[in-house]
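See structure below.
No value in this document is a laboratory result; all are computed from the given coordinates. Note that this is a predicted model, so its numbers are computed, not measured.
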Amino acid sequence: MAIHHILHYPDPRLRFKAAPVARVDDEIRMLIDDMFETMYAAPGIGLAAPQINISKRLIVIDISEKRNEPLALVNPEITLREGSQKSDEGCLSVPGISEGVERAARVVARGLDRDGGALEVEAEGLLAVCLQHEIDHLDGKLFVDYLTEMKRKRIRKKMEKARRQAM
Ligand code: GNR
Ligand code: NI
């Protein structure tokens, strides 16, 4: 297993639309294991493959306190959205920033599990937020896109400055 480097906003590679996974094989399962390792190490409650520069439709999530309820979804899709909730979001690709975002309160998502079987997840609260946040990553969308242009610009400047200072 390996911990991967996480891309930071405004890296253009975070904006690509990721390609569907054709077959859930051992290579995909290894990638899922690496994504969990990277997410737990970060630490984060979710990770999408594009964040580690892999343009495939793969997400992993664990919102449990004990970090022992891993959920991996291949080619995930949201099939139902209901209601709305506003909550503070962060992103491993936008470190140090937390802002309120309005999302659906309840969602149903479906995809494939690590064995290639069909998996449907009904979610509300934080899990619903996380599913929407991760699936957005697969379409090149970031939580900062829901903020005002002024806030997004301020965040982008801050990230660019942090990058310059790290060089
Ligand atoms: O670790 C994460 N925390 C988080 C908090 C509130 C809403 C969404 C998230 S997802 C984020 C990890 C991440 O960037 N996943 O793409
Ligand atoms: Ni994120």
Per-residue HN-Hα couplings for segment 7-19 [Karplus 6.51, -1.76, 1.60; θ = phi - 60°; Hz; x = Gly/Pro]:
5, 10, 3, x, 4, x, 5, 6, 9, 6, 8, 6, 8
Potential extension, R23-L7 segment - 0.36 nm per residue separation minus Cα distance:
3.2 nm
Counting only Cα, what are the radius of gyration and maximum Cα-Cα distance Dmax of segment 26-167, in Å?
15.3, 46
Output the pairs from K56/K86; K86/K141; K86/K161; K86/K158; K86/K153 with a Cα-Cα distance over 26 Å in this structure; if there are none, say none.
K56/K86; K86/K161
Per-residue HN-Hα couplings for segment 153-164, Karplus 6.51 cos²θ - 1.76 cosθ + 1.60 at θ = phi - 60°, whole Hz, x for Gly and Pro?
5, 5, 5, 4, 4, 5, 5, 5, 5, 4, 5, 4
Checked segment 1-71 against the a/c 1.5 cut and the a/b vs b/c comparison, axes a ≥ b ≥ c from its Cα gyration tensor; verdict oblate
Relative contact order (percent) for segment 12-87, with alpha-carbon contacts under 8 angstrom and 6 or more residues of separation?
28 percent
